There are 2 protein chains.
Amino acid sequence: MPAVTQSLDELCINAIRFLAIDAVQKANSGHPGLPMGAAPMAYVLWNQFMRFNPKNPQWFNRDRFVLSAGHGCMLQYALLYLTGYDSVTIEDIKQFRQWGSHTPGHPENFETPGVEVTTGPLGQGICNAVGLAVAEAHLAARFNKPDIKLVDHYTYVILGDGCNMEGVSGEACSLAGHWGLGKLIALYDDNHISIDGSTDIAFTEDVCKRFEAYGWHVQHVADGNTDLAGIAKAIEAAKAVTDKPSLIKVTTTIGYGSPNKANTAGVHGAPLGPEEVKLTRENLGWNYEPFVVPEEVLNHFRKAIERGASYEAQWNQTLATYRQKYPEEAAEFERLLRGELPANWDANLPSYTPEDKAVATRKHSEICLNAIAPNLPELIGGSADLTHSNLTELKCSGDFQKGQYQNRNIRFGVREHGMAAICNGIALHNSGLIPYCATFLVFADYLRPALRLSALSQAGVIYVMTHDSIALGEDGPTHQPVETLASLRAIPNLLVIRPADGNETSGAYQVAVQRRKQPTLLALTRQNVPNLAGSSAANVAKGAYTLVDCEGTPDLILIGTGSEVALCVKAAETLTANGKKVRVVSMPSWELFEEQSPEYKASVLPAGVKRLAVEAAASFGWCRYADATVAIERFGASAPGNVLMEKFGFTVDNVVAKANALLG
Amino acid sequence: MPAVTQSLDELCINAIRFLAIDAVQKANSGHPGLPMGAAPMAYVLWNQFMRFNPKNPQWFNRDRFVLSAGHGCMLQYALLYLTGYDSVTIEDIKQFRQWGSHTPGHPENFETPGVEVTTGPLGQGICNAVGLAVAEAHLAARFNKPDIKLVDHYTYVILGDGCNMEGVSGEACSLAGHWGLGKLIALYDDNHISIDGSTDIAFTEDVCKRFEAYGWHVQHVADGNTDLAGIAKAIEAAKAVTDKPSLIKVTTTIGYGSPNKANTAGVHGAPLGPEEVKLTRENLGWNYEPFVVPEEVLNHFRKAIERGASYEAQWNQTLATYRQKYPEEAAEFERLLRGELPANWDANLPSYTPEDKAVATRKHSEICLNAIAPNLPELIGGSADLTHSNLTELKCSGDFQKGQYQNRNIRFGVREHGMAAICNGIALHNSGLIPYCATFLVFADYLRPALRLSALSQAGVIYVMTHDSIALGEDGPTHQPVETLASLRAIPNLLVIRPADGNETSGAYQVAVQRRKQPTLLALTRQNVPNLAGSSAANVAKGAYTLVDCEGTPDLILIGTGSEVALCVKAAETLTANGKKVRVVSMPSWELFEEQSPEYKASVLPAGVKRLAVEAAASFGWCRYADATVAIERFGASAPGNVLMEKFGFTVDNVVAKANALLG
């Protein structure tokens, strides 16, 4: 090999590259191209700018880093290892993409301390980053004082062409521009290559101009492969612009250093192969064995440990001063960081009797939100332009807007997907904030990729989804969920709750707020529903419970959810009048029911008793609990809600007929 | 009322407005604001520019019109009625949003001839319009001759702020700019109001600049309320630009004419109320009863009938000439329009024996696509930047690109949602084209809103979804579908097929290509699977069939789908060796199985025989067919696929153990 004299900077950058190259090669799986091309910008960012403490990845005031182009995760694992995080050792890197390792195929916050959010599905990370920046701006506005900046960090992102093609990134970046999130700095790895080849074949728009249109501060570093000073200067300039988020387009070569594969799609998502690895070593003058990092490189990177300890110590000093000067705020701030709910946060959640007026559960939800919000300052969120339909406005707060970051009502616009992904970022800021977001239930489809990531990445986002059946009426089948509940219940680690009335809505919020490692989705009616005798907030936590019982062993159990529980009660009355022994079970949540003991479950749904489920949705999945259903097996229609409910068989007569048929 | 002298143009525009106002008022439900504000641009467009034949809504060469802001559907119904479509009578308008009417709450192509696509979920319509324009460009490139323009129409869209906020519109519009679709002309109803109020609260980006960044030709009509000449001039200019799509931002007042509600969110989605309707009548000088249209207005609008007949007659003449000069092409063109498949289109679909090499079903899919493509020129589509993973390239064609519209490989970039919505537009062009699109199965979530609309609007899009289980391996849980199959099977009118091997993949394409009113989703493996003894292309159409049988009544039926059928066969061998009578049922499609006769279903799955389903996915819904499952009830993990399959229990030992447990 030629003797090449490399600067320390070059050695450090090549160390990142070869950790990625060799880990992908050993795993025989992965994406070396991005780490090879983005190593320079990542090195400059992590070495010169980012404030973090490798020995305490959860140090609150750290700068957040999001690799939105998550397939390039070896870049992030290399940085975590090199800067001295305990979560990623050289052994972990050797175990890249293996069963049980801390270095999975895409960055996962729940597997690897130091990884803030879970990325890979393209476009999500940049939106999460907007959420992290929202959280920072909000907490800074709430807690910082003229003399003390307690909350003060940047959110950095590396995103690629793929992220920029996905519509969801446009949604969140438009909002970030609108909000003027000055501490959000995104480095766009402009390598002109996506999986199918040159971006010329499908992506020729002017990305910089688009971000300018969003209100971002935009810069371009023309040579992202070697111009480290240029990258640093751009980041400095981005930091200096405090009223706009910044996009820095950094033009790079994917797979930089690979003689035959650089600047090709071939290096995007496959190992270089032993021969090309060898040639790349020669080309970059890297005379080290796989997984060997020169001591000077490691020493240099690991100064991050000392720097980090110092940053944290300084901040702890700031916190100490803050505690002294602002003890009340400090106590509140530290409560948030502990993730501890305020005492009596739920004290004002209402309870109801059947004499109380029938209102929609979306209205009950509004009452709950406003009952808890004053006592639960970490509650923050809003709707995708359906505030007065979803009824999600917090009356105790103003709008979260540019310069009004202390407020808690977020106006997401018609951007469901961006909304949910932003909420994931707020939740995973891990500062105690409880984000909620809202749209019509049918539009859960629009935000589903982010909802799935809430569930996977353990982000306790609360989804307030109203207009939860065909009973919404005239808007018609495009707006009427039918298959939606089933499609949501199928998602692991998602809690779906469909409360029947006021008490159950209060119970739903009690559960949702406390589940901080699990998203909860509330399915709420547009139409009014009566408050039921025997309904219970506390029983919601059990998922299902006996609402109306008969004497002795029932002939039949009617299982209802949400708005159909009242129908079950009425049908049970008719059936009882006809001499049948009928129990009515209200089942607001399948998932919560599954958490109960076998004994409890059997006490509610004893074996051997026929069960009829009634839900204004597809029957899909109900065979788990019921022998038959009153359900909907087609798309809805446009007509007044009460007409539809009748036409689709949600009548006492039809339920009674189905029950009798089941009883034989 | 004051005597106001109105021009005929003003009368016509007010006629549109009051049909909307009065229909919404009568229904006590709907969205009057958009029709009131957008009536002038719609009038100019339909009266001066659009070529259509009210008496033949399906006339091929008509200009297509898409109301992307579908909530404003009364605008479209008013236009259909006024211009003389039989599908919307004044009685239909009086029945707006009622059960069984042709005037549902959002435009639905399957309910109302003259409505091209189904809109309402925001952002979809503009993407459908891109698809319509793609179809036109493709057919024009294929069939037009230097001397005869057989295919030659515009696609016009009205979209609003909501559509522009949705990320999906950005995806499709970026592609439209890239492709240079010069005959796509979008009028952006810039009324500054969305449901939550002024767009100032969430939408302050520079939309025009963003579209310029996409490569569109952009204009602004500052007074869209009264400047009819300005609107006309802008449409003329848009038509003159033939190498770029055009956006015309038309600034309007939502609810124009309503003294108290114009320019407020209050007029967006609720009736004006009787008093405000009265005041609006006074304000606009509209001295007519509800649903009464002055004769001069109707006469003027209905000139469209004569014009339309003339357009169609002229075009029929063109077609006649074309037939004479280019009989072969004419025959092919007319075959397409009839929606008739070529004879022997499927003649080259391969069949296999167990001796054939084990390959992935995605590879079988590639072989099928390329076996049928040369004989099926209407097949057009591609992947969202995963061409070489999804294996969807047609080797007989080049890339559909600007100036290369005759080609059939569409490069969608990383834009799953836009891709599916564009394919809906291609399908609903109703010119025989069969669009397909592709991504990883897990990213069905990204395109789900458009997929739902494929199913609802009867668009026969073929979804080629590969990497269909945890067996995809190292990419990890973000990329591994688990709940995905269940969530898709829950959608009405969607056909999901998960073939087990080569023969079943051929059978899946046979079904998918023929279903022109129903989308089909193919779930295909990344990993190799053996070709099974007894597998059958023809049996795919039955949804499920007995692949391996025992003598007499089975003790147990193993039901497998896709890659797990081979596992069932092996487990059955072990169980049989242990003296059990075991049948193996391959079940590529639940939906197709449900279409079969009760007798057939009982012959495959006889009552009283225990059944164990084996599928590398969530068990959700399987209780419909099986007593127990080998399935996955959590998210996946990052590791080699074979390791994951073993860790998650997809082994002969585990299936046998579960089977024995079930048999007791």
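The mean number of Cβ atoms from other chains found within 10 Å of a Cβ in peptide A:444-452 is 6, as a whole number. When only the Cβ of Lys, Arg, Asp and Glu is charged (+1, +1, -1, -1), the dipole of the protein assembly as shown relative to its Cα centre reaches about 680 debye. Simple spin-label estimate for B:THR651 and B:ASP206 gives 6.3 nm between the two label positions (7 Å along the Cα-to-Cβ direction from each Cα). Net length available on complete extension from A:TYR288 to A:THR353 is 15.9 nm, with 0.36 nm assigned per residue and the Cα-Cα distance removed.
Of the GluC sites (Glu not before Pro) in segment B:328-377, the ones in a loop by DSSP (not H, G, I, E or B) with at most 15 other beta carbons within 10 Å are B:GLU340, B:GLU355.
Per residue of A:465-478, other chain Cβ atoms within 10 Å of the residue Cβ number 5 on average. Counting 0.36 nm for each residue step from B:ARG302 to B:PHE110 and taking away their Cα separation leaves a gain of 66.7 nm. Taking every DSSP beta bridge that has both ends in chain A, the antiparallel portion is near 15%. For segment B:488-548, the Kirkwood estimate of hydrodynamic radius, built from reciprocal distances between every pair of different alpha carbons, is 12.1 Å. For segment B:201-303, the C-alpha radius of gyration sits at 1.39 times the compact-globule guess of 2.2 N^0.38 Å, with N the residue count. For segment B:355-414, the Kirkwood hydrodynamic radius from C-alpha pairs, put into Stokes-Einstein at 10 °C and a viscosity of 1.306 mPa s, yields a diffusion coefficient of 131 µm² per second. Normalise the Debye intensity by I(0) for segment A:322-435, one equal point scatterer per Cα, no solvent, then take log10 at q = 0.11, 0.13, 0.18 Å⁻¹ and round to two decimals. After summing over all Cα pairs, the log10 values are -0.43, -0.59, -1.04. Rounded to the nearest 0.05, the FRET efficiency derived from the C-beta distance between A:ASN370 and B:THR89 at R0 = 56 Å is 0.75. Take the accessible area of chain B alone and of chain A alone, subtract that of the pair, and you get about 7700 Å² summed over both chains, using a 1.4 Å probe.
Sorting the Cα pairs of chain B by distance into bins of 10 Å, from 0 upward, gives 3, 15, 24, 21, 16, 12, 6, 2, 0, 0 percent per bin. Based on C-alpha pairs under 8 angstrom that are at least 6 apart in sequence, segment A:544-663 has a relative contact order of 29 percent. The dipole here belongs to segment A:26-120: it is taken about the Cα centre, uses +1 on the Cβ of Lys and Arg and -1 on the Cβ of Asp and Glu, and is about 140 debye.
Diffusion coefficient (Stokes-Einstein, Kirkwood radius over C-alpha pairs, 4 °C, 1.567 mPa s) for segment B:544-663: 90 µm²/s, rounded to a whole number.
Computed about the Cα centre, the dipole magnitude for chain B is approximately 760 debye when only Lys and Arg (+1) and Asp and Glu (-1) carry charge, each at its Cβ.
The Kirkwood radius of segment B:262-317, taken over pairs of alpha-carbon atoms, gives through the Stokes-Einstein law at 10 °C and 1.306 mPa s a diffusion coefficient of 109 µm² s⁻¹.
Using only the Cα atoms of segment B:1-119, each taken as one equal point scatterer with no solvent, compute I(q) by the Debye sum, divide by I(0), and report log10 of the ratio at q = 0.21 Å⁻¹. After summing over all Cα pairs, the log10 values are -1.20. A simple count of charges around B:THR651, restricted to other residues whose Cβ falls under 12 Å of its Cβ and scoring Lys, Arg +1 and Asp, Glu -1, yields 0.
Computed from the C-beta positions of A:ASN344 and A:VAL609, the FRET efficiency with R₀ = 35 Å rounds to 0.30.
Rolling a 1.4 Å probe over the heavy atoms of the protein chains gives segment A:258-393 an accessible area of 47 Å² per residue.
Shape index of segment A:24-88: Rg/Rh, with Rg the Cα radius of gyration and Rh the Kirkwood radius from the inverse mean 1/r over Cα pairs, equals 0.98.
Our summary of shape: the Cα atoms of segment B:71-119 have principal axis extents of 21, 21, 18 Å, ordered from largest down, in whole angstrom. Remark: spin-label model distance B:GLN6-A:THR242 equals 5.6 nm, labels positioned 7 Å along the Cα→Cβ axis. Heavy-atom accessible area for A:THR226, with the other protein chains in place and a 1.4 Å probe, reaches approximately 80 Å². In terms of its Cα atoms, segment B:389-491 spans 40, 30, 19 Å along the principal axes, sorted from long to short.
The lysines within cross-link reach of A:LYS363, meaning a Cα-to-Cα straight distance under 20 Å and a gap of 8 or more places when in the same chain, are A:LYS395.
Give me the angle, in degrees from 0 to 90, between the Cα long axis of helix B:228-240 and the longest principal axis of the Cα atoms of chain B, rounded to the nearest 10. Rounded to the nearest ten degrees, it is 50.
Taking trypsin sites (Lys or Arg not before Pro) across segment A:281-385, the ones in a DSSP loop with at most 11 further Cβ atoms lying within 10 angstrom of their Cβ are A:LYS357. For the protein assembly as shown, the calculated P(r), taken from all Cα-Cα distances in 10 Å bins from zero up to the bin holding the longest distance, is 2, 9, 17, 22, 22, 17, 9, 3, 0, 0 percent.
The values are calculated or read from the model by the stated rules, or taken from the named source; none is laboratory data. Please read these numbers as outputs of a predicted model, since none were measured by experiment. Neighbour counts are summed over all protein chains in view; Cβ atoms, including those assigned to glycine, are modelled from backbone coordinates with ideal geometry. Only protein heavy atoms, including side chains, enter the accessible area calculation; ligands, DNA and RNA are left aside. Shrake-Rupley method; radii C 1.70, N 1.55, O 1.52, S 1.80 Å.
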